[in-house]
Amino acid sequence: MRYTMSENSLSSSSAQGRPDFNGKGSRFSKPLFFILLVAGLAFAGLNLVNDVEQTNMPVTSYLPFFLLGLALLIALGFEFVNGFHDTANAVATVIYTHSLTPGVAVVWSGFCNFMGVLLSSGVVAFGIISLLPVELILQASSGNGFAMVYALLFSAIIWNLGTWYFGLPSSSSHTLIGSIIGVGVANAMLHGRSGVSGVDWDQALKVGYALLLSPVVGFVCAGLLLWVMKIFIRNRQLYQAPKSDQPPPVWIRGLLILTCTGVSFAHGSNDGQKGMGLIMLILVGTMPIAYALNRSLPADQIPRVAALTEVTAHQLLQLQPATANPPAARDVLTGFVGSNQMNADVLPALARTLNEVGDQIRRYGSMDNIPAQAVTNTRNQMYLASESIKHLQNTKVAMPQETERNLKAVKAELDSATRFIPMWVKVVVAIALGLGTMVGWRRIVVTVGERIGKTHLSYAQGASAELVAMMTIGAADGFGLPVSTTHVLSSGVAGTMAANRSGLQFSTLRNLAVAWILTLPVSILLSALLYWLFTHF
């Protein structure tokens, strides 16, 4: 299954101006790479130290700092691998149409990925985390929490490196989601429950549809776009392969560079958030006093939030009064979020939790003043209440409009307190993803540029595939859904080859399909086994 450069691979490529991958890079590229690497790690370390110092937390053990540093390095390693694994798809078209030289294309794509991460919303990050069972998120600072994080990271990196080694454009998104499902299933089975109960399947299906449909969208829309271009743009040069290593006409070159820019930016905005979500999970688990709650929330917001939680709790108790001996609120809500099955204890349990949250924040006046021993519990109550409200909305329980509005407002306030991403996290993830773009990209570029179709990629084919990928990923980012840049771009190139009747290399497509099909079960199995192993430590 491994790809090697053979004499038969796209035999006409040399005559048609195959890109020069052996050109010497700038003598400043390696020093710049290591300077940015050291600067990024130093920036992360300084911000960590500063955040911990601001909490005035006494240091009784250095073990949490060691575990935190190791987990952060592995999480940034995942984003680095993601960079050279996925972003090769964005530069393949500009390289094979000679719009940019390989060195310039890779550096430019890295910069656009960097900017995409910095300007991302963070919605995708917490959409990914929501796939995890709520009980594991609530135990983020326990041994099981560390086992979960390490299992996720190692399984995702192992599969990404394996598929990269064989030159297969598989999906980092697919891999990470499979790893999350594997951890959830393993955790449920280790606690004597059915593996099916270990995953938020509503969220998993929502994400799964996005991953499954995006390649279809890429194939069909890229093919249709090429067909429409042939009807309305009568420039034969657009639909011919480059005859030499000379760049295309200025307007075509500008269009291809624009689409490469858009795909790279969208990739950073979407895929970079997955690393952010994992890093926040690590920070909350290892340093809850500094990262469990958003300490930047203004103190004058606290009384309004406390009053809102009190009013909403009162409305819920009017809808469903509590029984004489109610069960523990956390057990009720955890069970409800895990099963999505409504019962008579849910509304009273949610009301009690909201009252307790309101009492906590009213007593201390600001997030900064909540004592270290109470931070984790307060954060867990907020997170559990927010997830319960989300599931209540999904079950469509009949409620007065005012109660529904208050619940929506309460959820927004709870999310602002628990679902936040510090700017320094965005910066270091952006650096990791951007630097990853500059390393190891050639294997995937050759597969996309030469081994999907039987003919050299034309200007119009490259532009069509990139435009569709850019718009698909951008739309998914707006809806908070993770999609695969690899799947969308590779299927888009295949769609243009089919629409152009250029012919497809079915051996390559077969291997791509096998990698895509195997990604989910292999990553599920790998992460489940690693989670089981790590729980013993």
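The values are calculated or read from the model by the stated rules, or taken from the named source; none is laboratory data. What you see is a predicted model, and the numbers here were worked out from it, not measured in a lab. As a convention, Cβ positions derive from the backbone with ideal geometry for all residues, glycine included, and neighbour counts pool all protein chains shown. The protein model used for the area step is the full one, side chains on, heavy atoms only, and it has no ligands, DNA or RNA in it. Shrake-Rupley method; radii C 1.70, N 1.55, O 1.52, S 1.80 Å.
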(message) Filter the stretch 493-529 down to the residues that are open to solvent by less than 30 Å² (accessible area, probe 1.4 Å) and either more than 26 Å from the chain's Cα centre (by Cα) or over 21 Å from residue 464 (Cα atoms) (or both) and list them by number.
(response) 496, 497, 502, 503, 504, 508, 511, 515, 519, 523, 527, 528
(request) Check residue 113 against each of (1) out of contact with any Gly (no Cβ under 6 Å at 6 or more places or on another chain); (2) under 24 Å from residue 175 (Cα atoms); (3) at pLDDT 80 or above and name the one condition it does not meet. (result) (1)
(message) For the stretch 468-505, give me each residue that is in contact (Cβ under 8 Å) with a residue 12 or more places away in the chain, assigned to a helix (DSSP H, G or I) and not hydrophobic (A, V, I, L, M, F, W, C).
(response) 472, 474, 477, 485, 486, 487, 490, 491, 492, 495, 496
(message) closer than 22 Å to residue 502 by Cβ and either among the charged types (D, E, K, R) or not in a helix (DSSP H, G or I) (or both): is that true of residue 237 in this structure?
(response) no
(message) Any residue that is open to solvent by 30 Å² or more (accessible area, probe 1.4 Å), among the β-branched types (Val, Ile, Thr) and over 26 Å from residue 280 (Cβ atoms) - is there at least one of those in the stretch 49-71?
(response) no
(message) Just to verify a result, which residue in the stretch 386-415, among those that are in a helix (DSSP H, G or I) and aliphatic (A, V, I, L, M), is surrounded by the fewest Cβ atoms within 10 Å (Cβ to Cβ)?
(response) 412
(message) On the basis of being in a helix (DSSP H, G or I), modelled with pLDDT of 85 or more and more than 19 Å from residue 128 (Cβ to Cβ), does residue 217 make the cut?
(response) yes
(request) Looking for whichever is β-branched (Val, Ile, Thr) and either farther than 30 Å from residue 71 by Cβ or open to solvent by 20 Å² or more (accessible area, probe 1.4 Å) (or both) here; the options are 437, 447, 418. Which one fits? (result) 447
(request) Tally the residues that are polar (S, T, N, Q) and either free of Cβ contacts under 8 Å to residues at least 60 places away in the same chain or closer than 25 Å to residue 119 by Cα (or both), restricting the search to the stretch 377-426. (result) 9
(message) Taking the criterion of being open to solvent by 10 Å² or more (accessible area, probe 1.4 Å), touching a residue at least 12 places away in the same chain (Cβ under 8 Å) and basic (Lys, Arg), would at least one residue in the stretch 362-374 satisfy it?
(response) yes
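For residues in the stretch 94-113 being aromatic (Phe, Trp, Tyr) and closer than 18 Å to residue 267 by Cα, which is nearest to the chain's Cα centre (by Cα)?
Filtering the stretch 94-113 down to residues aromatic (Phe, Trp, Tyr) leaves 96, 108, 111.
Restricting the remaining residues to those that are closer than 18 Å to residue 267 by Cα gives 108, 111.
Details: 108: 22, 111: 19 Å.
Here the answer is 111.
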(message) Out of the residues in the stretch 388-415 meeting the condition of being at pLDDT 90 or above and polar (S, T, N, Q), tell me which one is farthest from residue 291 (Cα to Cα).
(response) 401
(request) Determine, yes or no, whether residue 181 is under 29 Å from residue 532 (Cα atoms), at pLDDT 85 or above and either surrounded by fewer than 17 Cβ atoms within 10 Å (Cβ to Cβ) or within 22 Å of the chain's Cα centre (by Cα) (or both). (result) yes
(request) Confirm whether residue 98 is buried (at least 19 other Cβ atoms within 10 Å of the Cβ) and either in a loop (DSSP other than H, G, I, E, B) or at pLDDT 80 or above (or both). (result) yes
